[in-house]
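Report on the structure given below.
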Amino acid sequence: AASDAREPLPQFPRGFLWGVSTSAHQIEGAVDERGPSVWDAFTAVPGRVKDGTTAAVACDHYHRYREDVALIRELGADAYRFSVSWPRVLPSGAGEVSSAGLDFYDRLVDELCAAGVSPVPTLFHWDTPLALAEEGGWLRRDTAGRFAEYAAVVAGRIGDRAKKWITLNEPAEHTLLGHALGQHAPGEQLMFGALPAAHHQLLAHGLAVRALRAAGVTDIGIANSHGPTWPASASPEDTQAADFYDVLLNRLFADPLILGRYPDLIAELMAGEGDIEADLSVIAEPVDWYGINFYQPTKVGAPLPATTAPTEFSGLTLPPELPFSVREIEGRPVTDFGWPVVPESLTELLTGFRDRYGDRLPPLVITENGCSYDGLDDQRRIDYLDGHVRAVHRALARGVDVRGYFVWSLMDNFEWAEGYRQRFGLVHVDRTTLTRTPKASYAWLREALRAQRT
Ligand code: GBH
């Protein structure tokens, strides 16, 4: 096979953490055994999910977690990043705790520990309890406090065995897709009116860091999506538009966490939110490490004058009134999702973080990286992962402190508004039988991890 001909991966430092990632809503199923979330409501509306599916069964991981942990063990991963479903633990988001829900995560963590795999829980991966959403959800400040209470409940149960924790997954995507554009739950189309959802998620993160520390957790991070923004040209119009995009997708979330302030543009847009300065001191509560989810760079230019209708772009529908336009990156292979494959842009991102944040930058972990390709003999996924792992190594060689790398995803799962059509797994999941079948990329990664250990 082509993979035999590949150069072995460079050696990573001892202790570098290799892992795989998933999220609760995308794999668990068993929706009737928990409280409802915004995603249950969202996917019940016809037309929201492209293939008309829901996550009611998903991978049925809730009932098959033993088999999935065995796959992680066989792979030789050090760590497993999963998310805890808030409505499984607190069916109404606050108040009464579901012991069956907590029991599930307790069993999962035990199973992982017995397999020698470190559990890395993420407390929020977009599945807000419906009851909280009906009271305003992330647009409401109270939700941040509820989240910290929930964090304490989960830490009280699995904090003795789970050492490494993640508060939120990608508040940027949840703000943009869920609250600004409406392509994800809760389906709000508020455009810049979505900014309070960003602020309240960041506040929730800071409050949860404090709650977790109070519960004895000492190794805490966040998983933010980032990617380099490439201006479409050197013209002032294009560079200005690219800067704007970069502020919204990268700096809006990294600056307050790392520097304790919002980018100027955002500070202006947020005037009216109340005592932002006081909130920023909570948001900037130091984390032990900073997680980056990386998929691709984005080329951005000035709005296209002729654009009067929404533009379709790699699964995104962008309204015409935005102050920028996303352009195609040419001359690169694309994944089944249409995202360009540009491994060296991950080195660029990591060195760019170090250059921008300097001494303030916590150690980094790649908390997600992966791609959508169909088929069991997924040589293109191997190429993608191989290229990106090398890109991380190059950043290490340039002095960036990266401590771990997690593949998205362990297995094919419910890919949000795309349904089951986009497959990111190292393991194939048959949609009828739910049978798990490791792909070529799984075998490749297993051998690559073995080689790291010899
Ligand atoms: C992650 O988000 C999620 O955390 C995870 O749940 C999900 O399954 C996984 O990725 C795969 O989608 O239009 O070409 O500019 C996705 C992060 C960052 C991916 C922005 C899409 C824009 C593509 N997203 N990116 S493009």
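Measuring spread by the Cα atoms of the stretch 233-341 yields a radius of gyration and Dmax of 16.6, 47 Å.
The antiparallel fraction among DSSP beta bridges confined to the chain stands at about 25%.
If you count only protein heavy atoms with a 1.4 Å probe, what accessible area per residue comes out for the chain, rounded to a whole Å²?
Counting only protein heavy atoms, the per-residue value for the chain is 38 Å².
For the peptides 24-34, 260-270, 346-356, 330-340, the ranking by mean Cβ contacts within 10 Å, running from highest to lowest, is 24-34, 346-356, 260-270, 330-340.
Working from Cα pairs under 8 Å separated by at least six residues, relative contact order for the stretch 384-429 is 28 percent. Under 5 Å between amide hydrogens, built in the peptide plane, is the criterion, and for residue 37 it picks out 130 among residues at least 5 positions away or on other chains. Helical runs (DSSP H, four residues minimum) scored at -39500 (n - 2.57) apiece and divided by the length of the chain put the mean residue ellipticity at 222 nm at -11000 deg cm²/dmol.
Each listed q (0.12, 0.13, 0.20, 0.21 Å⁻¹) maps to a log10 I(q)/I(0) for the stretch 132-281, found by the Debye formula over equal Cα scatterers with no solvent: -0.54, -0.63, -1.30, -1.38.
Each of 171, 47, 27 was placed along the dipole of the chain (beta-carbon charges, centred on the mean Cα), and the one lying farthest toward the positive end is 27. In this Cβ point-charge picture (+1 for Lys and Arg, -1 for Asp and Glu), the stretch 45-171 has a dipole of about 220 debye about its Cα centre.
For the stretch 16-24, putting each phi into the Karplus relation 6.51 cos²θ - 1.76 cosθ + 1.60 with θ = phi - 60° gives couplings of 4, 9, 9, x, 10, 10, 8, 9, 3 Hz, in residue order, rounded to whole numbers and with x for Gly and Pro. Here the stretch 329-454 is described by how far its Cα atoms reach on the three principal axes: 51, 39, 26 Å, from widest to narrowest. Just round it to a whole percent: the fraction of Cα-Cα distances in the chain exceeding 37 Å. Considering the chain, 19 percent of its Cα-Cα pairs are separated by more than 37 Å. Close amide-amide hydrogen proximity is noted between residue 365 and 290, 291, 292, 403, each under 5 Å apart and 5 or more residues distant or on a separate chain (H modeled in the peptide plane; Pro and chain starts excluded). Note on the stretch 70-131: Rg/Rh from Cα positions, Kirkwood definition for Rh, rounded to two decimals, is 1.05.
With Rh defined as the Kirkwood radius, the inverse of the mean 1/r over Cα pairs, the Rg/Rh of the stretch 98-199 is 1.04. Highest average first, the peptides 99-105, 396-402 ordered by how many other beta carbon atoms sit within 10 Å of their residues are 99-105, 396-402. Relative contact order of the stretch 319-454, taken over Cα pairs closer than 8 Å and 6 or more residues apart, is 23 percent.
What the Cα atoms of the stretch 385-454 give is an Rg and a Dmax of 15.0, 47 Å. Per-residue packing, averaged as other Cβ atoms within 10 Å, sorts the ranges 177-187, 206-216, 43-53, 234-244 into the order 177-187, 206-216, 234-244, 43-53, beginning with the highest. For the stretch 1-71, the equivalent ellipsoid derived from the Cα gyration tensor has semi-axes of 35, 17, 13 Å, listed largest first.
Counted over the stretch 318-454, the DSSP beta bridges are approximately 50% antiparallel. Using C-alpha pairs below 8 Å separated by at least 6 residues, the relative contact order for the chain is 17 percent.
Here each label is just a point 7 Å from Cα along the line to Cβ, and for residue 237 and residue 92 those points are 5.5 nm apart.
Using only side-chain charges placed at the Cβ, +1 for Lys and Arg and -1 for Asp and Glu, the dipole size of the chain relative to its Cα centre rounds to 1180 debye.
The values are calculated or read from the model by the stated rules, or taken from the named source; none is laboratory data. Please read all numbers here as calculations on a predicted model, not as lab measurements. Methodologically, a virtual Cβ is constructed for each residue, glycine included, from the backbone with ideal geometry; neighbour enumeration extends over all protein chains shown. Each accessible area value is taken on the protein alone, full model and side chains, heavy atoms only, with ligands, DNA and RNA left out. Shrake-Rupley method; radii C 1.70, N 1.55, O 1.52, S 1.80 Å.
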